[in-house]
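Structure first, then comments.
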Amino acid sequence: MKPYGCHNRPAMTAETYPAQDGHVYLDDETRAQRVTQIKHVMTTECQYSKQVNDLRCADCRWNQWRE
């Protein structure tokens with residue numbers, strides 16, 4: 001069974017993350033993404049409440065129920 005994509009991911013240390021905020025038009029045919037920085041306001045810890053019974057969470061560094 002393949003683990004989830006969050007399995008043993010690096011810790012989130014940045015206080016912000018980039019997100020698209022519309023487009024900037026360079027001319028009549030070309031546009032580019034406008035990117036802004038968004039502040040992290042939610043927890044960066046694992047919030048999956050069923051990890052104690054999920055085999056894909058076994059041995060994960062973020063598993064708060066492991067012994």
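The values are calculated or read from the model by the stated rules, or taken from the named source; none is laboratory data. Since this is a predicted model, take the numbers as computed values, not measurements. Note that we place each Cβ from the backbone using ideal geometry, even for glycine, and neighbour counts take in every protein chain shown. Note: areas computed on protein heavy atoms with side chains; ligands, DNA, RNA excluded. Shrake-Rupley method; radii C 1.70, N 1.55, O 1.52, S 1.80 Å.
For this structure, a couple of remarks:
- Comparing mean-square fluctuations of 52, 24, 35 from a GNM of the chain with C-alpha springs under 10 Å, the top value falls on 24.
- Percent accessible area from carbon and sulfur atoms, the chain, protein chains only, probe 1.4 Å: 50 percent
- Extension gain, residue 40 back to residue 19 (0.36 nm per residue minus Cα-Cα distance, nm): 6.4 nm
- Since only 63, 30, 11 are under comparison, the one whose Cα sits farthest along the positive direction of the charge dipole of the chain, derived from C-beta charges on Lys, Arg, Asp and Glu, is 63.
- Across 45, 15, 29, mean-square fluctuation computed from a Gaussian network of the chain (C-alpha pairs under 10 Å connected) peaks at 29.
- Once the 1.4 Å probe is applied to the protein heavy atoms, the chain comes out at 90 Å² accessible per residue.
- With the gyration tensor restricted to C-alpha atoms of segment 1-65, the semi-axes of the equivalent ellipsoid amount to 37, 14, 9 Å, longest first.
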